[in-house]
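Working notes, beginning with the structure itself.
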Amino acid sequence: MKKTILGVLITLMVSCNNNETENVTPENTNVEETNITAGKEAFCGSDILRRKHLAEDPAAMQRMLQIEQQTVSFIEQKKMGKILPDGSVEIPVIFNVLYTKASNNVSDARINSQIDVLNKAFASTHADISKIPAEFQSVNAGDTKIKFRLAGINRKSTKTSRWAPDDKMKKASTGGMDSTNPNQYLNIWVVDYMPYQTGYVLGYATFPEDAGLWNDGVVMMDDYVGEGGPDATHNQGRVTVHEVGHYLNLRHIWGDANCGDDLVGDTPQQITKHSSVPTYPRYETCGGVSRSVMFMNYMDYSDETTLFMFTQQQNNRMQASVSASGPRAGLRVL
Ligand SMILES: [Zn+2]
């Protein structure tokens, strides 16, 4: 999927234009609705909300394009040895829990388990690493050098159990909780339930074009925070890993289009998202080429038991976002 730098940028701009067009047609709104209501495809609202946001806010679109240029430049400089690949960063995380009753006031233990899951996912130190197929082991991200530290838990009792994925939970004036300095902290809001159209989303994240804005961060339904939630197919804290991937500038592995481009060269092109537990190997044909696809990548929609790897080039994009010149450089300060 990797193209020349120019090719990537042209593709990106074309795809952005397509997104703008798609978003103004009611037919495509219905397509999104269909996608998000089909069982486990309710996984994530990040891209749906991003498309709407970028279509409505030209300044955000401009920031996104600049970040893509910086990302390409960072990766090129890293290739040329101008940037040390080490550059560990420890991201301080604030949880903002909006609970209606004891059962959705997620415990400190569950929140700590989420931090542990994030650290193991980004360091490739969990037991499922051994399940990565041999053909993909050479592109496994290994230790991304991105770490997470629990910096605080804020809790607020509320009568609101149903929240639209529209950021109202991120402001005290709309019944939610204000963020803690989003330039320097990853804020994760936790709510009871997030209906969307006729379905729901498990979580959603802002991308780096919104770095430091009041609404910057991740929102999760309480069931999907940490280990041990009630949904047997999604109770290992890996939906949050997926959302933090978006926060650090990763796109869905299928590129949010039929045989789309995720701007990552070492993830095989695939037709669309997966669900449940696909059987390995799974071959899919895009552009006339049949490839074994990486449905076990965190940025797919498979069951959490089957999500267990990032790739090296996904790590390059995440490193670019938290680098000293990146849009999320502020996370390095604390
Ligand atoms: Zn997603």
### Message
Suppose we take every Cα in segment 250-334 and form the convex hull; what volume per residue is that in Å³?
### Response
99 Å³
### Message
Given bins 10 angstrom wide, list per bin the percent of all Cα-Cα distances in segment 186-259, short to long.
### Response
19, 46, 32, 3
### Query
Going through segment 124-181, which trypsin sites (Lys or Arg not before Pro) have at most 15 other Cβ atoms within 10 Å and a DSSP loop state?
159, 171
### Query
Amide H of residue 154: which non-local residues (sequence gap of 5 or more, or other chain) have their own amide H closer than 5 Å, using H built in the peptide plane?
95, 96, 97
### Task
Could you list, in their original order, any pairs among 168/273; 79/147; 171/273; 101/145; 52/159 whose Cα atoms are separated by more than 27 Å?
168/273; 171/273; 101/145; 52/159
### Task
Loop only per DSSP, at most 15 neighbouring Cβ atoms within 10 Å: give me the trypsin sites (Lys or Arg not before Pro) in segment 205-286, ordered by residue number.
282
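Readers should treat all values here as calculations from the given coordinates under stated rules, not as data from a laboratory. Fair warning: this is a prediction, and the values are worked out from it, not measured in the lab. Reconstructed Cβ throughout: ideal geometry from the backbone, glycine too, with neighbour counts over all protein chains shown.
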